[in-house]
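What follows is a single structure, written as structure tokens, with notes after it.
The values are calculated or read from the model by the stated rules, or taken from the named source; none is laboratory data. Every value quoted in this text rests on a predicted model; they were computed, and no experiment measured them. Backbone-built Cβ (ideal geometry, glycine too); neighbour counts: all protein chains shown. In case anyone asks, the SASA skips ligands and DNA or RNA and just uses the protein heavy atoms, side chains included. Shrake-Rupley method; radii C 1.70, N 1.55, O 1.52, S 1.80 Å.
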Amino acid sequence: MRRIRYLTCLLIVGLVASGATAIPLQWELETTARILGVAESASGQTPSALAKWILKVRDAVRDTDAKYPLISYGTDWLAFGHFAIAIAFVGALRDPVKNIWLFQFGMIACVLLVPYAFAFGGLRGIPIPWRLIDCSFGVFGFIPLWFCQRSAAELAEQSMEIRRQPVAEAGGLK
């Protein structure tokens, strides 16, 4: 039970953090460009592919926000989705056996993340290394969910054995 609670809390914190970072995109990109020492550069004048990509995304977000700030509303909803899913996992904290389906749902979502990132990342021109980073969220999310699901299934089995014992001891089962 302790492992389930710990891993579920880890998932909830990860979902909330991931959602929270979907809101201040322009600030995050400006900060990342400053950390990389390329804040004043144009995307074509950078020494690394990472810096070039960060500047390209920063410029796209900056230009889009300046002309069409309503587009950022989509990432606000992305954040909300993360927060809502995190709240759902509170049910798994309360009763992991009854809510084992949440772990299964999470594992399915993690598996689907990989083809989704490759398909839509390809359509949007996202570089493969960046898509692999996106896929890593599915891989690293799947691992604790699998342990939680397995542990909840073991708890369910133990609970069933405990319920069967009084019947067997009373001579009801042969």
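Plugging the Kirkwood radius over Cα pairs into Stokes-Einstein for the range 46-135, at a temperature of 25 °C and a viscosity of 0.890 mPa s, what D comes out in µm²/s?
Translational D for this selection: 155 µm²/s.
Arrange the residues TYR6, TYR68 by how much accessible surface each exposes, largest first, with a 1.4 angstrom probe.
Per-residue accessible area, sorted high to low, gives TYR6, TYR68.
Could you tell me what a quarter of the Cα convex hull surface of the range 1-158 works out to, in nm² with one decimal place?
10.2
Please report, in whole Å³, the volume per residue of the convex hull around the C-alpha atoms of the range 103-158. Could you put the intermediate results ahead of the total?
Values: hull volume 2.6 nm³, N = 56.
Spelled out: Cα convex hull of the range 103-158, divided by residues, is 47 Å³.
Taking a virtual spin label 7 Å from the Cα of GLN158 along the C-beta vector, which residues in the range 90-109 bring their backbone nitrogen under 13 Å of it?
Taking a point 7 Å out along Cα→Cβ of GLN158, the residues of the range 90-109 whose backbone N falls under 13 Å are 96-97.
Roughly speaking, to the nearest percent, how much of the chain's 1.4 Å accessible area is carbon and sulfur?
Here carbon and sulfur together make up 68 percent of the probe-accessible area.
Taking only protein heavy atoms into account and a 1.4 Å probe, give the accessible area per residue of the chain in Å². List each step's numbers first, then the result.
Working: 11460 Å² over 174 residues.
Value for the chain: 66 Å² per residue.
Per residue of the range 67-77, what does 6.51 cos²θ - 1.76 cosθ + 1.60 with θ = phi - 60° give for ³J(HN,Hα)? Whole Hz please, x for Gly and Pro, Karplus curve as stated.
9, 9, x, 5, 5, 5, 4, x, 6, 5, 6
On a 0 to 90 degree scale, rounded to 10, what angle separates helix 100-123 from the longest Cα axis of the chain?
Taking the Cα atoms of the chain, the angle to 100-123 is about 20 degrees.
Averaged over all directions, how much area does the convex hull of the C-alpha atoms of the range 62-111 cover when projected, in nm²? Please list the in-between numbers first.
Details: hull surface 17.6 nm².
If I average the Cα hull's projected area over directions, I get 4.4 nm².
Any idea what angle helix 128-169 forms with the longest principal axis of the chain, computed on alpha-carbon atoms, 0 to 90 degrees, nearest 10?
That helix lies at roughly 10 degrees to the long axis.
Within the P(r) computed for the range 4-64, what percentage of the Cα pairs occupies the region above 15 Å?
56
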